[in-house]
Amino acid sequence: MQLYNTLTRKKEVLTPVRPGHVNMYVCGITAYDYCHIGHARSALVFDVLVRHLRASGLEVTFVRNFTDVDDKIIRRANQEGRDWKDVAETYIAAFHEDMDALGVIRADKEPRATEYIREMQDICTTLINEGKAYATPSGDVYFRVRSYPPYGKLSGRSLDELMAGARVAPGEEKEDPLDFALWKAAKPGEPWWESPWGKGRPGWHIECSAMSKPYLPLDIHGGGQDLVFPHHENEIAQTEASCGCELARLWVHNGFVQVNSEKMSKSLGNFKTIRDILESYLPETLRFFLLGKQYRSPIDFTPEIMDESEKALNRVYECLREARKGLERASWKKTPLPQDIVKEWQELGPAFHAALDDDLNTAQALGHIFSQVRIANRLLEDKALRAAEGSREILEDLLRRAADWTARLGMFGQDPQTFLIAQRDRRARRAQLDIPAVEALLQRRLDARAARDFAASDQLRDELAALGVAVRDTPEGQVWDLI
Ligand SMILES: [Zn+2]
């Protein structure tokens, strides 16, 4: 598999340090608020990467941390008059709830910053002893950026460029504006731990250097694009300067999510939490939308695109439902299928895997799925083709391939009929349909038909239509949908 490496700015073949085993570390959330759609994208990108690697026969140790002590957590705790630990616990639990709903596989290890205080202090001590960091009289510890010449290699920034933007804030005792904090002396009212430099707490970046240390060198280090600088740049400096070894081989960063073509921010009021979105759409619709673009491209969230995603997703499930029904037919004829159909079908299976192997191109992989759905629909809809023995083979293959899509993408794995009804109910909810009223009318119509009172049944159909509901009678009974 090839992945785009932010460090070298090109696609590179993933060659695990230990053959057959991938160590992957992804920066997790700072637990001070509910996760938004940007968090969902990052989680889904790395979820699909882990799934794809495992389905391709590799073992993966997947580590994703939680930042459970930080300025934002402390601020929120103070605003709400709560304990900071309580705030962190609340939002870690909320993270698990949201990610479980989205079908994101849990990381194998979920270290928390506060469990690694000792290890962080050890890194600081090593760096101080080697002259690469220093403690200030007030008890802060800074990394001496100029002691690490490759600094800037990940983000592609030179020290001169960085100097232009660097500032020393009032009260900071930095030797050089470029230096960054490894350890911060505790201010009144803040959580603190004893340290060789007095009571204090860790800086943000040092956490990940401590939590990733047991897995070095990482085969893949991931996170959102916003983490490239300074967070990941600083992680590299801390780890590589303190242990002399490489932190990570491949640096994988996912792109941003915009909302209605604007950057998402609390001040613009367009902040979309996962919870908000799941009020209106099924989790798989959000997953489908977010995987609809290659992970490095920006993606734009709009209600229209979500509606389109829902329709596209339904097309796959409808095809799987019809394929299952089609396969229940007893007799097949020896008529041959046109060669072009067979050939295209055979090529699309490997093409799906090749798309994922090419820098996890989920957009292209989904395109190949839709090509397969088109072929299957053609076989199911064409009377002559439908009976052919070759069609049975393709439809059986479709169901096997769908299981592989589920393994790799985390989609298309639900019972089609149950899923399609759940989708309809979400649409009904968005349309603010009065479901109890609809159900009452549907029941009355069933009763009328059972009593062979077709005039009443027709009138009830009209009443349902007035509410925006279409009803159909099928061999499986009465079914309804939004008009
Ligand atoms: Zn990190």
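The values are calculated or read from the model by the stated rules, or taken from the named source; none is laboratory data. Since the model is a prediction, treat every value here as computed from it, not as a measurement. Every residue, glycine among them, receives a Cβ derived from its backbone with ideal geometry; neighbour counts consider all protein chains shown. Just so you know, the surface numbers come from the protein's heavy atoms only, side chains and all, with ligands and any DNA or RNA stripped out. Shrake-Rupley method; radii C 1.70, N 1.55, O 1.52, S 1.80 Å.
Of note:
- For the range 329-373, the tally of residues that are over 17 Å from R400 (Cβ atoms), open to solvent by 50 Å² or more (accessible area, probe 1.4 Å) and under 25 Å from the mean Cα position of the chain (by Cα) stands at 4.
- Selection within the range 57-87 - crowded, with 17+ Cβ neighbours inside 10 Å, within 16 Å of the ligand (Cβ to nearest atom) and without any contact (Cβ under 8 Å) to a residue 60 or more places away in the chain: F62, R64, F66, D68, I73
- Selected residue (criterion: most open to solvent (accessible area, probe 1.4 Å)) from residues of the range 216-253 that are within 14 Å of the ligand (Cβ to nearest atom) and polar (S, T, N, Q): Q225
- When S138 is tested against (1) over 30 Å from L278 (Cα atoms); (2) among the small types (G, A, S); (3) without any contact (Cβ under 8 Å) to a residue 24 or more places away in the chain, just one condition goes unmet, and that condition is (3).
- Count of the range 199-210 residues, restricted to those that are more than 8 Å from the ligand (Cβ to nearest atom) and closer than 29 Å to G20 by Cα, is 2.
- Taking the range 318-393 as the region of interest, the helices (runs of 4 or more DSSP H) fully inside it that hold 1 or more residues being of a type in the set (D, E) are 339-357, 362-381.
- Flag for A330 being within 30 Å of I299 (Cβ to Cβ) and not aromatic (F, W, Y): no
Matching residues to (1) closer than 30 Å to K85 by Cβ; (2) surrounded by 14 or more Cβ atoms within 10 Å (Cβ to Cβ); (3) aromatic (F, W, Y):
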{"position": "T114", "(1), (2), (3)": "yes, yes, no"}
{"position": "I117", "(1), (2), (3)": "yes, yes, no"}
{"position": "M120", "(1), (2), (3)": "yes, yes, no"}
{"position": "T126", "(1), (2), (3)": "yes, yes, no"}
{"position": "E130", "(1), (2), (3)": "no, no, no"}
{"position": "Y134", "(1), (2), (3)": "no, yes, yes"}
{"position": "G139", "(1), (2), (3)": "yes, yes, no"}
{"position": "R146", "(1), (2), (3)": "no, no, no"}
{"position": "P150", "(1), (2), (3)": "no, no, no"}
